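Asks: This is the structure I have questions about; it appears just below.
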Amino acid sequence: FPFVPPIPGRNRPGVFVYRTIEDLEAMLKYAKENNVKSAAVIGGGLLGLEAAKAVADMNATSHIIEFAPILMCRQIDQGGHNALVTKIEDMGLKVHCGARTESFVGTDGTTDDESDAPVAALRFSNEDWDD
């Protein structure tokens, strides 16, 4: 099984891992059945970027949430990051680096894993941002 960080609310409907074609099919089904307009992908590595593009291909606004200060921090430097972000944003995706995911918030306003309320929001910190 893929590693999923212990983020409160991670077991809610609408939170997915993205590793297999079955994962993608589940995301597509959920997005269609729930009229998803926006989604966040946690992680700005290669797999996260691929997942973010899949979200955009579903005609949803795609947000990449990355803890590190740059995307693909193990593969590229700041210059590579700058070029990559330009390309990604040109495709309509949103990039948020330096962001720590704190919880998935359900439509019922809770962040616990006992609720079956679908995820409605992602709570994250952004200590280095101006806004």
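Asks: So what is the relative contact order for the chain, in percent, with contacts set as C-alpha pairs under 8 Å and at least six apart?
Replies: Taking the mean separation of contacting Cα pairs over the length of the chain, I get 27 percent.
Asks: Let me ask another. Using a simple charge model, +1 on the beta-carbon of Lys and Arg, -1 on the beta-carbon of Asp and Glu, nothing else, what dipole does the range 1-67 show about its Cα centre, in debye to the nearest 20? Can you show the working numbers first?
Replies: Working: 7 positive and 7 negative charges, 41 e Å.
Taking the Cα centre of the range 1-67 as origin, the dipole is about 200 debye.
Asks: Next question, about the same structure. Normalised by the residues of the range 50-113, what does the relative contact order come to in percent, with Cα pairs under 8 Å and at least six apart?
Replies: 38 percent
Asks: Let me ask another. For the range 1-53, what class follows from the C-alpha gyration tensor (a ≥ b ≥ c being the square roots of its eigenvalues): rounded when a/c is under 1.5, otherwise prolate if a/b is larger than b/c, else oblate?
Replies: Rounded shape, in that the Cα axes give a/c under 1.5.
Asks: Could you work out [θ]222 nm for the chain from helices alone, using -39500 (n - 2.57) per DSSP H run of at least four and dividing by all its residues? Round to the nearest 500 deg cm²/dmol.
Replies: The helix contribution divided over the chain gives -9000 deg cm²/dmol.
Asks: Only one of the listed values, (1) -0.29, -0.54, -0.85, -1.44; (2) -0.30, -0.51, -0.76, -1.32; (3) -0.25, -0.46, -0.72, -1.48, was derived from the coordinates as log10 I(q)/I(0) by the Debye sum over Cα atoms at q = 0.09, 0.12, 0.15, 0.22 Å⁻¹; which label is it?
Replies: (3)
The numbers here are math on the coordinates, done by the rules we state, and not lab data. Only a predicted model underlies this, so the values are computations on that prediction, with no experimental measurement involved. FYI the Cβ positions are ideal-geometry reconstructions off the backbone, even for glycines, and counts take in every protein chain you see.
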